[in-house]
1. Quote the relative contact order of region 115-207 in percent (integer), defining contacts as alpha-carbon pairs under 8 Å separated by 6+ residues.
2. Once fully extended, how much extra length lies between HIS309 and LEU329, figured as 0.36 nm per residue of separation less the alpha-carbon to alpha-carbon distance?
3. Got a sec? Charge dipole of the chain, +1 on Cβ for Lys and Arg, -1 for Asp and Glu; which of ALA311, GLY125, TRP44 is way out at the positive end?
4. Only bridges whose two residues both fall in region 90-232 count here: according to DSSP, what percent of them are antiparallel, nearest 5?
5. How much of the DSSP bridge set in region 41-152 is antiparallel, in percent, rounded to the nearest 5?
6. Can you give me the C-alpha center-to-center distance between region 90-106 and region 49-86, rounded to a whole angstrom?
7. If I fit a long axis through the Cα atoms of helix 288-298 and take the longest principal axis of the Cα atoms of the chain, what angle between them do I get, 0 to 90°, rounded to 10?
8. In debye, nearest 20, what is the charge dipole magnitude of the chain about its Cα centre with +1 on Lys and Arg Cβ and -1 on Asp and Glu Cβ, if you could check?
Amino acid sequence: MADRVVTIPFKPHKEQSEIISDLARFTVLICHRRFGKTVLAVNWLVRKAMEDGDKYSSPWRGAYLAPLLKQAKSVAWDYLKFYAGTIPGVKFNEAELRADLPNGSRISLYGADSYEALRGLYFMGLVLDEVAQMPMSAWTKVLRPALADHRGWGLFLGTPQGKNALYDFWNSAPSDPEWARMMYKASQTDLVDPEELDSARKTMDADEYEQEFECSFTAAIRGAYYGHLMTDADEDKRITDVPYDPTLLVSTVWDLGVSDSTSIWFVQAGPGGKYAVIDYYEATGEGLPHYAKVLNKKGYDYEQHIAPHDARVRELGSGKSRIETAMGLGINFTVAPNIPVQDGINAVRNIIPRCWFDRSKCAVGIEALRHYRREFNEKMGDFKDNPRHDWASHAADAFRYFAVGYRPVIQVDVSRLQREGIG
């Protein structure tokens, strides 16, 4: 196989050729819509799988990640089958969304929403597509370590959607010699017909057009529920350093995941109806004992712990509800009221202007609030009434339970009342 020449039916356009020539170990590639970034990335994975398959002591492994597994399948799977399908002896596994090449290399498709499931795997090359919709923790906790053994490379693709993981990669790239960054705007490439751009500009609002075709990081996130409110918080210096105040109790608010993420906000209520959001924690695939240890390790004095209404549901295996299980671990949950999601979203909108967020400890949660948005109906070309379920929804749901479920706990000094003859 090493002596055979295999021709892949991909002819890069001028800008794609430039990118291939200038790739670094880690490359941030920001492109306007219809640029062909996914086609480029899939072909680069195929090329490296063929060229580098015999260079390592371990079989070559590469992966393409989209924000959701179903996105990876709908966006990249057909491309992978088309371009890699010309390689004699290649085999495709539809169930596992992977291509097994005859030299032992493998290319797999994954969803970044389930990144914890990739722990323990190794990769020589990774493509992260639509990075703006991924949590930074997917890279820092799992994907970057997965490249360490073989000094693997990473290609980060996307179109801006506010200030998020893609924004952070873009800004940090110039300071590291292992990184490179490139941006291609529609006004510069001539890849989209000017008349088509004029037509798009007439039918899209200004933020949408600037984001999708001119790669603007400052355009508002399309369909975001709290985007402008979080921008206001940033401009008002309410996203800053917010230290723990030991004179105030801490309340935690949870979104309890089963097969996906559990999110916890840590909040201190201050005078005048203001709230210090001092901490945030999120993990996937862990049981309640893990989170009990996290709470103890924080060292905060707790006022109350608020859980979603479905925490009362009894689990089939144990016959206990998660509230009962938590009680056995010393966590006494108060249950948030079960109200319509839209009413909860409105409650969050009312409370965010009274919140100060710790920019370091709450970074993941803050970005989730920025990106929590309505589901878009591609067929109808309009937004649905329901929120999009993605990496941002867990933190946003937990914050919604805070907005609708937090009530100050009134502390009563019983001994004092008895001394004074009351009660």
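Just so you know, all these numbers are worked out from the coordinates, no wet-lab data involved. Note that the coordinates shown come from a computational prediction; the quantities given were computed from them, not determined experimentally. Reconstructed Cβ throughout: ideal geometry from the backbone, glycine too, with neighbour counts over all protein chains shown.
1. 26 percent
2. Values: separation 20, 0.36 × 20 = 7.20 nm, distance 1.92 nm.
Extra length available between HIS309 and LEU329 comes to 5.3 nm.
3. Projecting each Cα onto the dipole axis, the largest value belongs to ALA311.
4. Details: 6 of 10 bridges.
Around 60 percent of the beta bridges assigned by DSSP in region 90-232 are antiparallel ones.
5. Values: 6 of 16 bridges.
Among the beta bridges of region 41-152, antiparallel pairing accounts for roughly 40 percent.
6. 8 Å
7. 70 degrees
8. Working: 51 positive and 57 negative charges, 176 e Å.
Rounded to the nearest 20 debye, it is 840 debye.
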